[in-house]
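For reference, the structure discussed in these notes is given below.
The values are calculated or read from the model by the stated rules, or taken from the named source; none is laboratory data. It should be emphasised that the depicted structure is a prediction, and the values quoted were computed from it without experimental measurement. Ideal geometry is used to build each Cβ from the backbone, glycine not excepted, and the neighbour counts take in all protein chains shown. Note: accessible area is taken over every heavy atom of the protein model, side chains too, but ligands, DNA and RNA are not part of it. Shrake-Rupley method; radii C 1.70, N 1.55, O 1.52, S 1.80 Å.
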Amino acid sequence: MKTMLKSKLALRIFLLCLIAVLSACSDSESASTKEKEEKKTEEKKEKIPEAATKVEDMINEGPGFALEKENEEIKKQLEKYPKKLNGEDAYNLAVFLGAAEHQKVFELYDEYNPGFNDVEGGPGSDAKPRNLVLLLDSSGSMNGKVDGGVKMDLAKQAISNFASKANKEDQVMLRVYGHKGTSKDSDKKLSCESHEVVYPLSSYDQGNFSDSLNKFKPAGWTPIAGSIQQVEKDLAGQANPGMETLLYIISDGVETCDGDPVEAARALHNSSLKAQVNIIGFDVDDKGQQQLKATAEAGGGEYKTVRNASELNSIFKTLMEQAWEGIKKDQWAANSGTQVNYAYVDKLEVLNELKFRVSDVVSAEAMGLSNMIGAMEQEKMITLEEAEKARAKVNEREEKINTYNEEKFEELKKQTDEEKDKAFKQINDSSQN
């Protein structure tokens, strides 16, 4: 009897243990399932893009989604991204959603003119009209990137700014080459024969010129020589023989179509046009620089090399100013020095205003990014400690862009000072002749 009771008791204990184990297993499986579901939910969340680290790239990041959006819209947007962010991720997300449109205000620097040619009685105030001929490399390599953006996009913008500074009496022409086919050997013939005028020789018209820049994209090979050779035919019967012809070529590499750009430039310079061939090498290697420099020298012009958007715009300004230097007034107005001084004060006023406008945008962005991180705290996406790390990166970003802004200001102020000194030297030289 006792043995039977003991057996029943043992069976009960076994069953109770089994139930406890199964219950624990069930709870464990339930927790594990919940964790897996949460993990899957997080995996479905959108990935956070990394914010730029170089200041030139920071300027081109905006505008972010959150600009001019209501709080509820921002909150819904935040729900698309993972919870439990660290400081780095929170900063990246804040920038992705809230980066300001810096490029718009920085572009105002590109439009600023440090020269004094437009001053009454100044060195270019009675300038003779010129033929400004622009040749743009549209080979496949122009699709590459440098600091500031895609080479072709930057070249088009610089050319547009340059052409817009032409005098009303100037004639402008844009020829593009290498814009057809591909860089494959099978397309070499087609691409090497692809050079055409997209903006015929005429006075500058902003709308038509902008349209001409949209007619082509980077494509194939680089027929520099063939394009230069066509310029004389382009201007035959159209250009006034008495007008100075200035040729500006932007290329990011050497001739690849078996032509001889050096001889082509020499022939054009020695022709009835007596054209001056200037070349801007855009992110060109040493071999390419040697060929392009020799081409410019044979064409009686200058070669300049640039690596990024800022240098490209600066060089175009320098070339335009140099084009003006050879054009002096026979007799300047007696008050020309006073006019230059007035113009100098006005230019510094414009520069200071530009600097403050950029600074305002930078400050507003920093405040917006900090508020965005605060919203992440409220949504329990980030701890207080990680939020402080994210805000530290916002401060670092603000400092970088402000420093870049100050450098742009100082660079243009220096150019303005130099141009003022040149203007006064020309006034003095003119008074002594």
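Which residues, taken from region 108-156, are at pLDDT 90 or above, β-branched (Val, Ile, Thr) and assigned to a loop (DSSP other than H, G, I, E, B)? Hits for region 108-156: nothing passes. Pick out the one residue from Glu379, Glu365, Glu386 that is among the charged types (D, E, K, R) and surrounded by fewer than 20 Cβ atoms within 10 Å (Cβ to Cβ). Result: Glu379 is the single residue among Glu379, Glu365, Glu386 that is among the charged types (D, E, K, R) and surrounded by fewer than 20 Cβ atoms within 10 Å (Cβ to Cβ). For region 374-392, the criterion of being hydrophobic (A, V, I, L, M, F, W, C) and under 23 Å from Lys355 (Cα atoms) is met by no residue.
Summed over region 152-171, residues that are in contact (Cβ under 8 Å) with a residue 12 or more places away in the chain and acidic (Asp, Glu) total 2. Being part of a helix (DSSP H, G or I) and loosely packed, with under 13 Cβ neighbours inside 10 Å is a property that Lys414 has.
Of the residues screened, Thr318 is not one that is among the β-branched types (Val, Ile, Thr) and modelled with pLDDT of 90 or more. Hey, does region 345-355 have a residue that's open to solvent by 50 Å² or more (accessible area, probe 1.4 Å), polar (S, T, N, Q) and at pLDDT 95 or above? No, region 345-355 contains no residue that is open to solvent by 50 Å² or more (accessible area, probe 1.4 Å), polar (S, T, N, Q) and at pLDDT 95 or above. Please go through region 222-234 and pick out each residue that is modelled with pLDDT of 90 or more and open to solvent by 40 Å² or more (accessible area, probe 1.4 Å). Passing the criteria: Gln229, Gln230. Of the residues screened, Lys422 is one that is over 26 Å from His102 (Cβ atoms), open to solvent by 80 Å² or more (accessible area, probe 1.4 Å) and in contact with a helix residue (DSSP H, G or I) (Cβ under 8 Å, 6 or more places away or on another chain). Put simply, of Gly144, Gly149 the only residue that is surrounded by fewer than 22 Cβ atoms within 10 Å (Cβ to Cβ), in contact with a Lys or Arg (Cβ under 6 Å, 6 or more places away or on another chain), touching a residue at least 60 places away in the same chain (Cβ under 8 Å) and not polar (S, T, N, Q) is Gly144. Checked against (1) over 27 Å from Val55 (Cβ atoms); (2) crowded, with 20+ Cβ neighbours inside 10 Å, Asp283 passes all but condition (1).
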